[in-house]
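The values are calculated or read from the model by the stated rules, or taken from the named source; none is laboratory data. Quantities reported herein were computed from a predicted structural model and do not represent experimental measurements. Cβ placement follows ideal geometry from the backbone for every residue including glycine, while neighbour counts extend to all protein chains displayed.
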Amino acid sequence: MEKKLMVLDGNSIASRAFYALPLLTTDEGLYTNAVYGFTTMLLRMLDEEKPTHLLVAFDAGKVTFRTEEYKDYKGKRLKTPGELSAQFPLLKELLNAFNIKHYELNGYEADDIIGTISAQAEANGFTTLIVSGDKDMLQLVSDKTRVALTRKGISEVELYSPAEVEAKYGLTPAQIIDLKGLMGDASDNIPGIPGVGEKTALKLLHEFKTVENVLDHVSEIKGKKLQEKIAAHADDARMSKELATILRDAPIEVTLEETVYQPYNQEKVVSVLERFAFKSLLERLGLNSAEANGAPVQAQEEIDFVTITEENREAWADKLTSPMAVMVEVDAENYHGAPIHGISLADGTVRLYVPFDQAGWPALIKWMADPEQKKWVYDAKRSQVALAWKNIQLEGICFDVLLASYLSNPSETNHRLCDVAERYGMKLASDDAVYGKGAKRSIPEASILGPHIARKAETIYRLRDKMDAALKEEGLDELFYDLELPLATVLGDMETHGVRVDRQRLDEMGVELTEKLERLTKQIHELAGTEFNINSPKQLGEILFDKLQLPVIKKTKTGYSTSADVLEKLESAHEIVPLILEFRQLGKLQSTYIEGLKKEIREETGKIHTSFNQAVTATGRLSSTEPNLQNIPIRLEEGRKIREAFVPSEPGWFIMAADYSQIELRILAHISQDENLIDAFRRDMDIHTRTAMDVFGVDEDEVTSLMRRQAKAVNFGIVYGISDYGLSQNLNITRKKAAEFIERYFSVFQGVKRYMDNIIAEAKKNGYVTTMLKRRRYLPDINSRNFNLRSFAERTAMNTPIQGTAADIIKLAMVNMAQRIEEEKLASRMLLQVHDELIFEVPEHELETMGKLVSEVMENALPLDVPLKVDVNYGKSWYEAK
DNA sequence: CATTTCACG
DNA sequence: ACGTACGTGAAATGT
């Protein structure tokens with residue numbers, strides 16, 4: 001069998017990981033980010049490369065033969081931070097657990113160990129892969145040895161064979177040291193020739209091949225200054241080349257045989273990974289507890305429960321009390337019309353499991369529908385809606401583990417009951433473990449299913465007090481009990497009612513689109529001179545940029561970018577481009593909105609029943625899935641027509657749409673207390689025009705459409721957490737110009753500037769920001785030393801209180817609106833929420849009442865120091881409600 | 001299963 | 001110097 005050696009540069013990868021990742025700590029206070037990053041890289045490379053031999057090389061101490069030769073070698077390098085150096089022993093411990101050979105040698109660097117072992121490997125017929133973050137390694141590349149360099153921190157690697165080195169630098173691997181000799185290396189304090197950077201060095205080497213040859217032919221070099229510099233620093237160049245040269249014959253004591261990669265002891269690995277709290281790695285390795293090994297599921301406690309049958313149920317009827325935890329086990333991810341396996345109940349003493357065929361139990365039906373009987377659940381809305389499809393009413397929900405977990409940390413994406421339980425120190429088998437996942441998913445036998453569902457109710461019961469206390473601790477209890485929990489019911493009703501969609505209208509539009517798309521496809525293929533898949537960015541890129549030789553504007557990591565903003569810049573470069581843009585636009589309508597929506601119309605109701613997810617966004621907004629009804633086209637007329645298909649579900653009714661005008665900027669005015677912005681809204685001015693007047697210092701009638709457009713972009717930028725780069729991209733202007741706009745904006749809106757500074761300071765101090773209703777978002781990266789992570793966290797700190805307060809306000813309006821509709825016995829129904837607008841269906845005789853009621857409720861949901869403004873429109877379809 | 005693109009606020 | 005605008009979800013392609 002082919003022998004394949006993989007050598008990792010331990011110091012290089014660990015330190016790259018350290019700077020790329022946030023500073024993770026375990027409960028014991030161990031820093032682990034470098035170890036974590038190193039391990040993910042290691043596992044990925046093992047997976048991709050499947051080496052037979054494996055070695056990790058480390059530097060040993062500061063003194064090496066290079067420092068003897070040149071005392072300033074690595075002289076200017078910053079001292080390794082303690083948080084990083086503390087991680088090397090941990091890393092070695094982890095490597096030992098994995099049975100991976102690691103090695104260091106006094107007086108030598110990791111580079112030299114790698115150079116030497118790879119030379120031995122070549123001599124013994126191995127192929128070798130070196131993994132490092134250090135470009136110097138490229139000198140070791142050969143037919144048998146490749147180098148993988150980390151990119152973007154450690155998230156990607158770039159593989160180099162001789163061909164790639166040639167392609168990138170136009171040099172052979174051996175010339176890499178000549179390159180270093182000429183240009184030096186600031187990070188290692190290798191001098192090179194002052195004033196010679198990569199560009200000049202490459203030019204010289206393309207002509208003269210080596211440092212020595214350059215020095216021998218100084219007189220032939222173009223440029224007098226350059227000649228002088230090279231002549232003056234000839235010795236530096238020679239020494240630099242020597243310093244950059246990696247040894248291939250260091251006196252290493254490690255042998256190739258010792259690097260054989262052998263299977264590791266799972267227990268040891270599990271114990272190390274657990275100590276470092278690398279849960280995701282345990283999962284990735286399939287070592288996550290006993291689940292993966294087919295052993296009985298975790299050390300989860302057995303509980304006693306009674307399975308309800310026709311015969312025994314009467315005896316349990318009076319055990320249905322209040323409060324009680326209820327688990328409604330819904331089979332599918334999409335709960336509309338989904339099968340229900342069963343319902344379990346727990347109140348600390350009584351534990352029941354009701355298989356769904358016993359769900360008709362009259363005592364249970366009555367208890368479930370009684371709002372006085374308090375229920376604690378996991379995912380209130382799912383339970384309510386799934387039962388509603390079976391004509392079973394569920395009322396009286398007063399705790400929801402899912403929503404509580406979400407409010408405690410809205411950035412967390414995983415709120416599975418088993419994971420929440422674990423965070424609170426309890427064990428519960430995951431659904432994946434019980435049902436299997438993907439293709440292997442199936443319903444287990446009753447002896448497994450019943451206990452699992454029973455345990456869920458028990459878990460909810462035990463979680464409730466702890467989570468309730470946690471919510472109070474964080475000041476989230478009011479938001480939870482007074483807003484999110486009542487909202488779940490409101491949303492559940494909206495989803496259950498659904499929205500009528502006119503299938504025929506969609507069909508008609510579909511036919512029209514198909515014809516247009518066929519015509520476009522033909523024209524595009526003709527202009528391209530060949531048939532290809534226009535939907536494939538790869539094939540399209542080849543046509544546009546290789547075949548037609550259009551200029552490349554932007555690249556993605558896999559090839560040419562063909563996104564709309566790129567194509568728009570090329571619109572006049574070739575007549576094919578506008579056709580592609582049109583094809584894209586119409587194709588999107590056809591696949592996502594015509595075909596996609598038709599698939600979602602339910603047989604049973606003739607309506608679309610979306611699901612609003614109340615526990616996904618980090619800001620507090622809702623999201624909508626299967627289908628997403630929060631992104632139905634509106635900006636372009638062709639797409640907007642889709643809205644013609646959204647119609648009332650009762651004959652003669654209307655669709656009413658009510659949207660907040662500029663809610664985010666109004667919130668900004670309130671929380672920043674910026675006098676200028678408050679004034680603008682109190683006068684009810686066009687805010688973008690007003691911004692243009694102030695920023696450009698002109699009168700209202702002098703504001704051009706360009707000025708207004710630019711002011712609008714600045715306002716957007718302010719809400720998003722401004723950066724000159726982002727604004728420059730959006731407006732297609734230089735970064736300098738963008739920075740100027742921002743500066744002028746802040747000089748006029750000084751209160752906004754003060755807010756932005758304060759909120760960042762607050763985030764740095766507390767580690768989180770809050771909305772007006774105390775919704776919280778943690779920003780763990782706000783004090784990161786990594787510029788990107790920190791900047792992102794800062795923009796988030798600026799944006800989240802604004803976007804999140806807007807979410808708070810419309811949620812309040814929804815709960816109040818549902819209450820008013822009920823109190824006033826109106827027939828109108830709330831159908832949808834699209835972040836800053838609410839959509840209703842309204843009988844004709846309620847149009848006036850509803851128009852007034854909706855604006856009153858929305859405008860007064862949360863009083864601010866500026867008025868909230870709501871526009872209300874109605875029509876025979878969503879399209880006409882504009 | 002990741003990547004790219006594009007629809008919305 | 002660093003390289004992004006904030007928040008989502010779905011479809012199509014290609015590994």
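For the reader, a short list of remarks on this structure follows.
- Note on region A:792-844: residues that are among the acidic types (Asp, Glu) and within 16 Å of DNA strand B (Cβ to nearest atom) total 3.
- Qualifying positions in region A:655-706 - in contact (Cβ under 8 Å) with a residue 60 or more places away in the chain, farther than 21 Å from A:Ala861 by Cα, surrounded by 15 or more Cβ atoms within 10 Å (Cβ to Cβ) and charged (D, E, K, R): A:Asp674
One line per residue, one yes/no per condition, for (1) buried (at least 22 other Cβ atoms within 10 Å of the Cβ); (2) more than 25 Å from A:Asp686 (Cα to Cα); (3) without any contact (Cβ under 8 Å) to a residue 40 or more places away in the chain:
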site: A:Arg785; (1), (2), (3): no, yes, no
site: A:Thr805; (1), (2), (3): yes, no, no
site: A:Lys811; (1), (2), (3): yes, yes, no
site: A:Glu837; (1), (2), (3): no, no, no
site: A:Val842; (1), (2), (3): yes, yes, no
site: A:Met858; (1), (2), (3): yes, no, no
site: A:Lys876; (1), (2), (3): no, yes, no
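- Selection within region A:560-603: residues that are near DNA strand B (Cβ under 7 Å from one of its atoms) and in a loop (DSSP other than H, G, I, E, B). The member of this set that is farthest from the chain's Cα centre (by Cα) is A:Thr562.
- Hey, A:Gly606 in contact with a Pro (Cβ under 6 Å, 6 or more places away or on another chain) and surrounded by fewer than 20 Cβ atoms within 10 Å (Cβ to Cβ) or not: no
- Selection of region A:19-37 for residues being touching a Lys or Arg at 6+ places or on another chain (Cβ under 9 Å) and either acidic (Asp, Glu) or surrounded by 16 or more Cβ atoms within 10 Å (Cβ to Cβ) (or both) yields A:Tyr19, A:Ala20, A:Leu23, A:Glu28, A:Ala34, A:Gly37.
- Annotation note: of A:Ser411, A:Ser405, the sole residue that is closer than 18 Å to A:Arg776 by Cβ, part of a helix (DSSP H, G or I), under 32 Å from the mean Cα position of the chain (by Cα) and of a type in the set (Ser, Thr, Tyr) is A:Ser405.
- For region A:673-785, the helices (runs of 4 or more DSSP H) that sit wholly inside it and include 1 or more residues that are within 16 Å of DNA strand C (Cβ to nearest atom), farther than 30 Å from A:Ala17 by Cα and touching a His at 6+ places or on another chain (Cβ under 8 Å) are A:705-720.
- Screening A:Gln614 against (1) under 26 Å from the mean Cα position of the chain (by Cα); (2) near DNA strand C (Cβ under 9 Å from one of its atoms) leaves a single unmet condition, (2).
- Summed over region A:213-243, residues that are among the hydrophobic types (A, V, I, L, M, F, W, C) and touching a residue at least 40 places away in the same chain (Cβ under 8 Å) total 3.
- Members of region A:569-587 found to be loosely packed, with under 14 Cβ neighbours inside 10 Å and either more than 16 Å from A:Leu550 (Cβ to Cβ) or charged (D, E, K, R) (or both), listed by number: A:Glu571, A:Glu575
- Across region A:35-58, the number of residues qualifying as in contact with a Gly (Cβ under 8 Å, 6 or more places away or on another chain) and either of a type in the set (S, T, N, Q) or not in a helix (DSSP H, G or I) (or both) comes to 3.
- Evaluating A:Thr625 against the criteria (1) more than 10 Å from DNA strand B (Cβ to nearest atom); (2) among the β-branched types (Val, Ile, Thr); (3) more than 29 Å from the chain's Cα centre (by Cα) leaves one unmet condition, (3).
- Unmet requirement for A:Ala807, which otherwise passes all of (1) away from DNA strand C (no atom under 11 Å from the Cβ); (2) among the small types (Gly, Ala, Ser); (3) out of contact with any helix residue (DSSP H, G or I) (no Cβ under 9 Å at 6 or more places or on another chain): (1)
- The residues of region A:63-103 that are surrounded by fewer than 16 Cβ atoms within 10 Å (Cβ to Cβ), touching a residue at least 12 places away in the same chain (Cβ under 8 Å) and among the charged types (D, E, K, R), listed by number, are A:Glu69, A:Asp72, A:Lys76, A:Arg77, A:Glu83, A:Glu93.
- Meets criteria (surrounded by fewer than 20 Cβ atoms within 10 Å (Cβ to Cβ), under 29 Å from the mean Cα position of the chain (by Cα), more than 9 Å from DNA strand C (Cβ to nearest atom) and touching a residue at least 40 places away in the same chain (Cβ under 8 Å)) for A:Lys641: no
- Selection status of A:Lys555, at pLDDT 95 or above and among the basic types (Lys, Arg): no
- Matching residues, region A:528-551, being more than 10 Å from DNA strand C (Cβ to nearest atom) and surrounded by 15 or more Cβ atoms within 10 Å (Cβ to Cβ): A:Ala528, A:Ile543, A:Leu544, A:Phe545, A:Leu548, A:Leu550
- Filtering region A:470-527 to residues that are without any contact (Cβ under 8 Å) to a residue 40 or more places away in the chain and closer than 30 Å to A:Leu544 by Cα leaves A:Val511, A:Glu512, A:Glu515, A:Glu518, A:Arg519, A:Lys522, A:His525, A:Glu526.
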